[in-house]
1. Go through L60, S100, A33 and say which Cα lies farthest out towards the positive end of the charge dipole of the chain; charges sit on Cβ, +1 for Lys and Arg, -1 for Asp and Glu.
2. Through the Karplus equation 6.51 cos²θ - 1.76 cosθ + 1.60, θ set to phi - 60°, convert the phi angles of the stretch 32-39 into ³J(HN,Hα) values in whole Hz; use x for Gly and Pro.
3. What size of dipole, in debye to the nearest 20, comes out for the stretch 84-173 about its Cα centre when the only charges are +1 on Lys and Arg C-beta atoms and -1 on Asp and Glu C-beta atoms?
4. Give me the dipole magnitude in Debye, nearest 20, for the chain about the Cα centre, with unit charges on the beta carbon: positive for Lys and Arg, negative for Asp and Glu.
5. Taking a ≥ b ≥ c as the square roots of the eigenvalues of the Cα gyration tensor of the chain, is the shape rounded (a/c under 1.5), prolate (a/b larger than b/c) or oblate?
6. Restricting to the stretch 1-129, what percent of DSSP beta bridges are antiparallel, rounded to 5?
7. So what are the ³J(HN,Hα) numbers for the stretch 126-140, from phi and the Karplus equation (6.51, -1.76, 1.60; θ = phi - 60°), rounded to whole Hz, Gly and Pro as x?
8. In this model, which of K65/K173; K68/K175; K65/K169; K5/K173; K68/K169 are farther than 29 Å apart at the alpha-carbon?
Amino acid sequence: MSQPKIVAFAGSTRTGSFNKQLLAIAAAAARAAGAEVTVVDLRDLALPLYDQDLEAGAGLPEGAKKFKALLRGSDGFLIASPEYNSTITGALKNAIDWASRAEADGEPPLVAYRGKTAALLAASPGALGGLRGLVHLRSILGNIGVLVLPDQIAISTAHEAFAADGHLKDERKAKQVADLARNLVATLEKLIA
Ligand SMILES: Cc1cc2nc3c(=O)[nH]c(=O)nc-3n(C[C@H](O)[C@H](O)[C@H](O)COP(=O)(O)O)c2cc1C
């Protein structure tokens, strides 16, 4: 059986991000379930704000090429994103947009996305846990050819949810996160068999 390849990234760039912590838990569970997981910090990609003139003049920036290649070479994604003003963050949308662009004539459209499968998570200090942002993220990914698993996780009161070592204090929630990651790996194993 082939080993599923997953790229994991968070919609927040900040140090100490709750979503990065949540992503780390999901990534560890996916690894334990047998997947090869590459965690990408969007900050490290140093992506400029998407500008079609910039792209026309110089093509994709190095960070965008790297991110797109990682997505293209993967079978699926783990994404944990906060919601900003009830939708996904600008950083996440910017990264999705850059990686949606073709680099050569004749390249099939949306090669980084079509045929991939994703699992979604969110965390927020608020009561909804970033749930409203996931509605939009699910829609965006579906429209660019990504199969999004029906189950998702939203961790509310995130400022109280994590212990100092990064694990989720609530065992039930921790199991839900691990189950989602395992579900993604199991689905990918079937899809790439
Ligand atoms: C511009 C901005 C808008 C925000 N809007 C929302 C929101 O609509 N809903 C929400 O639950 N939290 C909102 N927040 C709070 C974030 O959920 C909080 O900053 C969270 O910690 C961000 O995720 P992170 O810890 O992964 O960086 C907003 C924060 C910022 C900076």
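Where a number appears in this text, it was derived from the coordinates with a stated rule and is not lab data. Note that the structure is a prediction, hence the values are computed from the model and not measured. When we count neighbours, we look across all protein chains shown, and the Cβ atoms used for this are built from the backbone with ideal geometry, even at glycine.
1. Of the options given, the answer is A33.
2. Taking θ as phi minus 60°, the curve returns 4, 7, x, 8, 8, 10, 10, 8 Hz for the stretch 32-39.
3. The dipole of the stretch 84-173 has a size of about 240 debye.
4. I would put it at about 420 debye.
5. In terms of gyration-tensor shape, oblate.
6. Here the share of antiparallel DSSP bridges comes out near 10 percent.
7. Each residue of the stretch 126-140 in turn: x, 6, 8, x, x, 4, 5, x, 5, 4, 6, 4, 4, 5, 4 Hz.
8. Over 29 Å apart, Cα to Cα: K65/K173; K68/K175; K65/K169; K68/K169.
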